[in-house]
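The values are calculated or read from the model by the stated rules, or taken from the named source; none is laboratory data. Since the model is a prediction, treat every value here as computed from it, not as a measurement. A quick note on method: Cβ atoms are made from the backbone with ideal geometry, for glycine too, and the neighbour counts reach across all protein chains shown.
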Amino acid sequence: MTRAWWRDAVVYEVYVRSFADSDGDGLGDLAGIRERLPYIVDLGADAIWLTPFYPSPMRDAGYDVADYRDVDPRFGSLAEFDRLLATAHGLGLRVFVDIVPNHTSSEHPWFREALADPASPRRHWYMFRPPRPDGSPPNDWKSVFGGSAWTFDAASGDYYLHLFDSSQPDLNWRNPAVHAEFLSILRFWLDRGVDGFRIDVAHALYKDPKLRDGDQHGWDRDEVFDVWREWREVIDSYDDRSLVGEVFLYDMDRVGKYVGRTRLQQAFNFSVAKTPFDAAAFRATIRKSLEVFVRPGTSPTWVLSNHDLIRHATRYGGGERGVRRGRAATALLLALPGSPYLYQGEELGLEQSDVPPEARQDPTWFRSGEVGRDGCRTPMPWTSTAPGYGFTTGPPWLPFDAQAKTRNVEAEVASEESTLSFYRRALAARRALLPSLRREVSWPAAPDDCVVVSRATRAGRSFVAAMNAAGSARVVQLTGSAEVLLSSAERPVVDAGSVTVPPESTVWLRV
Ligand code: NOJ
């Protein structure tokens, strides 16, 4: 039996709007991605995840889908999608596409029909409810982006539910017609050859049936597992496809329920991104992740950044120190069994951009006045040349900031010390090691401010990853003589039986 490809796959998130623009409109597109696929191969990823490229009014950057079976003309066409997929496969890259089952765009024909005719069956595809007696919304639920989760439809006198923007009405998953429709959408993309789906908001399709007041929207209900079983049956009727869920919960035992042989293969582990740069905190998160996700039918995922989170170099303090810590954390996670999910630009050491208010696009900013997520979504800088930095010849949809001048692909390819060169070395070393590594992780004794993990190799040696989270060097004892395989910063000093790990860095050793 061959190993399931997704189990240890390095998945690179391509934020479609910001990766590469082939036609100069300032917005990334599928043809731009296709031209840049060799970069992702050279980086050492096994798969890409494409964020939504479907027709959309783009109120929430494409997570407001108006047609699940087409490509927005701003991003290309179905024919261009097929070319991208064929090129990716030709290069040995698998492709996940994003699917958004919790809500549609308010411009979707289903919702237009539901609004136009309250007696239409489409009405029951969504969550319309009458007001409370005083005319206020049916309950106190808040939108994730701020404000009420209900919007009034004056024509009918009902409210409709939207966990996100008012332009993203929630679907009614208690309606079997919605199930059938999504199974058919899955088949549409599976038949085109996609390798899997990244499922948006995979924990929230079912709400409390009584719609009771309370912050948590009564979501994360066991009923949703029936959907994932149905989807899994479809996936398994094809060859080798996979489902990864955006289960945005921090209770790992609960996230663990979403995965397994008859549910999703993987779920994003957001607890990792929440973990501060601290050895004890990393030990706790990693131990728990391994306990929950290392079992047949699933595998752990390691998530530091994505298009919704503050970039990890910034979370870790920003500047050279934040980047240094980010490299250390990355090297630690890459040493573990499971799938690292990388977010475009982290391999350049990009920090969160400070997007000025007049340029902001995130609905969070418009609904709540909070700064929002635009700062992690600014375009990829490919070259050192302003104003388009090789991303576009037109005006970019979000502005570049000063870091693009030095943290860009062109500059970093040219430097051995760059974050990009470090990622390439790390991913190449990981790929070479993987076939010989056992999955079990052991925890050799280590100084308090270090995280040291070890995996046996089939050749009877050990593979050790040691992260020093302290601001000064630490000595880690080893069981024998060691050879350095990788370092996230300066080269460590290896003595007989120990290694001195530089501050805020990680070293990989063969012992
Ligand atoms: C999660 C997506 O990652 C995010 O970008 C989006 O705003 C929400 N789901 C709503 O679809």
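Take A414 and tell me if it is farther than 26 Å from V10 by Cα, assigned by TED's automatic domain parsing to the domain that holds Q352 and of a type in the set (A, V, I, L, M).
So A414 fails the test.
Tell me, which helices (runs of 4 or more DSSP H) wholly within segment 362-433 include 3 or more residues that are at pLDDT 95 or above and more than 16 Å from the ligand (Cβ to nearest atom)?
Because the criterion is at least 3 residues that are at pLDDT 95 or above and more than 16 Å from the ligand (Cβ to nearest atom), the helices (runs of 4 or more DSSP H) in segment 362-433 that meet it are 409-413, 419-433.
Among (1) surrounded by fewer than 20 Cβ atoms within 10 Å (Cβ to Cβ); (2) more than 19 Å from F19 (Cα to Cα), there is one condition G372 misses while meeting the rest; what is its number?
Failing condition for G372: (1).
Mind listing whichever residues of segment 116-135 are without any contact (Cβ under 8 Å) to a residue 60 or more places away in the chain and in a loop (DSSP other than H, G, I, E, B)?
Selection gives D117, P118, A119, S120, P130, P131, R132, P133, D134, G135.
Restricting attention to segment 441-452, does a residue exist that is in contact with a Pro (Cβ under 8 Å, 6 or more places away or on another chain) and either at pLDDT 95 or above or assigned to a loop (DSSP other than H, G, I, E, B) (or both)?
Within segment 441-452, one or more residues are in contact with a Pro (Cβ under 8 Å, 6 or more places away or on another chain) and either at pLDDT 95 or above or assigned to a loop (DSSP other than H, G, I, E, B) (or both).
Quick one: in segment 47-57, which of the residues that are more than 13 Å from the ligand (Cβ to nearest atom) and surrounded by 20 or more Cβ atoms within 10 Å (Cβ to Cβ) is farthest from V244 (Cα to Cα)?
Once the filter is applied, the top-ranked residue is P55.
Within segment 453-477, track down each residue that is among the charged types (D, E, K, R) and either outside any strand (DSSP E or B) or within 22 Å of G322 (Cβ to Cβ) (or both).
Answer for segment 453-477, where residues must be among the charged types (D, E, K, R) and either outside any strand (DSSP E or B) or within 22 Å of G322 (Cβ to Cβ) (or both): R458, R461, R474.
Out of P381, P399, which single residue is closer than 23 Å to L420 by Cα, buried (at least 23 other Cβ atoms within 10 Å of the Cβ) and either acidic (D, E) or touching a helix residue (DSSP H, G or I) at 6+ places or on another chain (Cβ under 7 Å) (or both)?
Answer to the check: P381.
If you scan segment 122-147, which residues turn out to be under 24 Å from H108 (Cα atoms) and among the basic types (K, R)?
Of everything in segment 122-147, those that are under 24 Å from H108 (Cα atoms) and among the basic types (K, R) turn out to be R122, R123, R129, K142.
Only helices (runs of 4 or more DSSP H) wholly contained in segment 190-278 count here; list those with 1 or more residues that are more than 30 Å from R321 (Cα to Cα).
Because the criterion is at least 1 residues that are more than 30 Å from R321 (Cα to Cα), the helices (runs of 4 or more DSSP H) in segment 190-278 that meet it are 224-236, 252-257.
Out of segment 473-501, which residues are in contact (Cβ under 8 Å) with a residue 24 or more places away in the chain and more than 29 Å from L420 (Cα to Cα)?
Q477, L478, T479, G480, S481
Given the conditions (1) outside the structural domain of T51 (by TED's automatic domain parsing); (2) surrounded by 22 or more Cβ atoms within 10 Å (Cβ to Cβ), which single one is not true for R198?
The failed condition is (1).
Six or more apart or on different chains, Cβ atoms under 7 Å: show the pairs whose first residue is in segment 58-71 and within 7 Å of the ligand (Cβ to nearest atom) and whose second is assigned to a loop (DSSP other than H, G, I, E, B) and at pLDDT 95 or above.
D60/F164; D60/D165; D60/Q168; Y63/P52; Y63/V100; Y63/D200
Failed condition for P121, given (1) more than 16 Å from the ligand (Cβ to nearest atom); (2) closer than 25 Å to D213 by Cα, with all others met?
Against the list (1) more than 16 Å from the ligand (Cβ to nearest atom); (2) closer than 25 Å to D213 by Cα, P121 comes up short only on (2).
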